[in-house]
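Note sheet for the following structure.
The values are calculated or read from the model by the stated rules, or taken from the named source; none is laboratory data. Keep in mind that this is a model prediction, so the values were computed, not measured. Positions of Cβ are backbone-derived with ideal geometry, glycine not excepted, and every protein chain shown enters the neighbour counts.
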Amino acid sequence: MPFRASRVRSDLSVSNPGTIRDNDSLGLFPSRDDAAGSSFYASPADFVRYAFSWGQPGLLSRHEGPDAWQLEFLADLGAAVKARKFDGHTPVDPIRMAVASGHGIGKSTMSSWITL
């Protein structure tokens with residue numbers, strides 16, 4: 001059976017992530033006046049710090065930011081992006097990174113951040 005979305009939103013804008021307010025408790029993409037998009041080109045850790053309302057009321061109220069190992073992983077990823085000098089057009093070698101660990105430390109969360 002094919003996947004069917006239970007609800008389609010037509011008011012969401014990729015160019016204006018501040019419009020994504022379906023679940024404010026997530027603290028995803030807080031409204032900001034600055035256009036920061038391209039400043040995160042090779043800095044996924046800064047993007048994750050920016051995109052979520054760390055330490056604010058909601059699901060992230062007890063978290064001040066990503067865990068230390070996640071920040072290290074994101075910094076290594078950013079360095080790899082920068083080293084490849086990807087310009088958005090010209091193909092570059094893929095970045096291959098992996099994490100081996102136990103259950104519940106945030107590997108899926110990391111994948112989600114990178115996907116955003």
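Go over the candidates 110, 97 one by one and state the one that is modelled with pLDDT of 90 or more, assigned to a loop (DSSP other than H, G, I, E, B), among the aliphatic types (A, V, I, L, M) and within 17 Å of the chain's Cα centre (by Cα). Just a single option satisfies the conditions, and that option is 97. If the condition is being closer than 14 Å to residue 106 by Cβ and touching a strand residue (DSSP E or B) at 6+ places or on another chain (Cβ under 7 Å), then region 46-68 contributes 52, 60. Being without any contact (Cβ under 8 Å) to a residue 12 or more places away in the chain, of a type in the set (Asp, Glu), loosely packed, with under 12 Cβ neighbours inside 10 Å and at negative phi is a property that does not hold for residue 72. Taking residues in region 78-104 that are over 16 Å from residue 115 (Cα atoms), and partners anywhere that are among the basic types (Lys, Arg) and surrounded by fewer than 12 Cβ atoms within 10 Å (Cβ to Cβ), the pairs with Cβ atoms closer than 8 Å and at least 6 places apart or on different chains are 92/85. The residue pairs whose first member lies in region 39-60 and is on the phi > 0 side of the Ramachandran plot, whose second member is buried (at least 17 other Cβ atoms within 10 Å of the Cβ) and in a loop (DSSP other than H, G, I, E, B), and whose beta carbons are closer than 8 Å, counting only pairs six or more residues apart or on different chains, are 58/27.
Which one is modelled with the lowest pLDDT among residues in region 32-69 that are part of a helix (DSSP H, G or I) and loosely packed, with under 13 Cβ neighbours inside 10 Å? The residue in question is 37.
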